[in-house]
Amino acid sequence: MVDLLFPLLLLLLPFLLYMAAPQIRKMLSSGVCTSTVQLPGKVVVVTGANTGIGKETAKDLAQRGARVYLACRDVEKGELVAKEIQTTTGNQQVLVRKLDLSDTKSIRAFAKGFLAEENHLHVLINNAGVMMCPYSKTADGFEMHMGVNHLGHFLLTHLLLEKLKESAPSRIVNVSSLAHHLGRIHFHNLQGEKFYNAALAYCHSKLANILFTQELARRLKGSGVTTYSVHPGTVQSELVRHSSFMRWMWWLFSFFIKTPQQGAQTSLHCALTEGLEILSGNHFSDCHVAWVSAQARNETIARRLWDVSCDLLGLPID
């Protein structure tokens with residue numbers, strides 16, 4: 001009898017996991033943005049908003065009445081998403097503008113166009129990112145992960161910062177990752193030319209996001225602009241498109257991975273929740289303040305990374 005029971009359990013296990021998956025997923029994605037704040041008259045920019053977490057973030061903000069800019073590299077895909085959001089929410093103020101974070105000329109062109117078009121900016125969500133790319137460089141010669149995930153958003157934020165200050169109270173949300181715990185800022189190898197590992201390069205860039213957030217918060221103290229970094233969770237998205245192994249892992253554990261809508265909750269929490277200003281500079285996961293690595297708490301590294309980033313981008317170091 002026992003000999004028959006064990007094979008039977010093995011056969012039943014996948015079915016039981018399938019049936020339990022919704023409850024397990026719910027348990028693993030407990031963070032939900034509960035804010036009821038409405039946003040008529042508010043202006044929001046979301047990078048990488050034509051897919052995944054960015055799309056769901058933009059949709060929620062549009063539902064609340066904001067004027068939402070989908071800042072994305074693929075404008076054609078962005079237009080399709082904008083129409084979908086307009087139809088779903090009834091909000092026609094969903095606009096698409098080209099932004100290629102791997103090219104500083106594109107970033108500057110986006111910022112110039114936006115500033116000519118809008119008098120206000122209340123929320124900037126730096127959501128776009130790349131993950132586990134084969135070694136490659138941006139148009140300006142930066143390693144792709146560091147160039148897109150950190151330097152691209154660093155420049156965009158810098159160019160829009162005065163508008164955010166003029167529109168205060170306003171917020172900046174930087175999407176990072178739990179992967180930052182494995183990250184290090186190797187100033188002697190910031191562009192990965194001496195040694196390179198695709199997985200670690202992603203981790204390094206996510207650490208940079210947190211360090212940038214903390215230094216930015218320090219510099220913005222008293223300005224009315226607050227900033228937060230977030231870990232969205234493990235989310236079903238196009239982020240893993242460069243890695244066959246990661247795509248296989250995502251497929252294997254798909255029942256337990258957050259949906260993009262669930263992944264957007266912490267970004268929305270930090271963009272919308274009232275009374276969060278005193279927590280500017282903090283890192284969030286599942287809509288709660290989260291622990292960060294010792295490297296991510298190092299103010300000396302944060303300040304040096306700021307100065308190095310300014311130097312690489314040709315910005316004044318103050």
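Okay, here's what the table says:
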| read-out | value |
| --- | --- |
| Stretch gain in nm, segment Thr88-Ser106, where the contour uses 0.36 nm per residue and the Cα spacing is subtracted | 3.5 nm |
| Prolate/oblate/rounded label for the stretch 34-98 (Cα gyration tensor, a/c 1.5) | prolate |
| Dipole magnitude of the stretch 35-313 about its Cα centre (Cβ charges: Lys, Arg +1; Asp, Glu -1), debye to nearest 20 | 100 debye |
| Global form of the stretch 35-313, assessed from the alpha-carbon gyration tensor, a/c cut-off 1.5 | rounded |
| Label point distance in nm, Ala139-Leu182, each placed 7 Å from Cα along Cα→Cβ | 3.1 nm |
| Table column - 3J(HN,Hα) (Hz), the stretch 31-36, Karplus curve with 6.51, -1.76, 1.60, x for Gly and Pro | x, 10, 6, 9, 5, 9 |
| Relative contact order computed over the stretch 35-313 (Cα-Cα under 8 Å; 6+ residues apart), in percent | 18 percent |
| Pairs from Lys42/Lys83; Lys105/Lys194; Lys59/Lys165; Lys59/Lys112 whose Cα-Cα separation, in the structure shown, is over 23 Å | Lys105/Lys194; Lys59/Lys165; Lys59/Lys112 |
| Estimated FRET transfer efficiency when R0 is 22 angstrom, pair Asp307-Glu162 (beta carbons, to 0.05) | 0.60 |
| Accessible-area composition of the stretch 35-313, carbon plus sulfur, in percent [1.4 Å probe] | 54 percent |
| Within the stretch 35-313, percent of DSSP bridges classed antiparallel, to nearest 5 | 10 percent |
| Kirkwood-Stokes translational diffusion coefficient of the stretch 67-162, alpha-carbon pairs, 10 °C, 1.306 mPa s, µm²/s | 112 µm²/s |
| Those aspartates and glutamates that a straight Cα-Cα span of less than 12 Å connects to Lys258, excepting residues fewer than 8 apart in one chain | Asp286 |
| FRET efficiency, Ala199 to Arg97 (Cβ-Cβ, R0 35 Å, nearest 0.05) | 0.65 |
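The values are calculated or read from the model by the stated rules, or taken from the named source; none is laboratory data. Quick caveat, the model's predicted, so the values are computed rather than measured. For neighbour counting, all protein chains shown are included, and Cβ atoms are generated from backbone atoms with ideal geometry for every residue, glycine included. Just the protein is used for accessible areas: all its heavy atoms, side chains included, with ligands, DNA and RNA removed. Shrake-Rupley method; radii C 1.70, N 1.55, O 1.52, S 1.80 Å.
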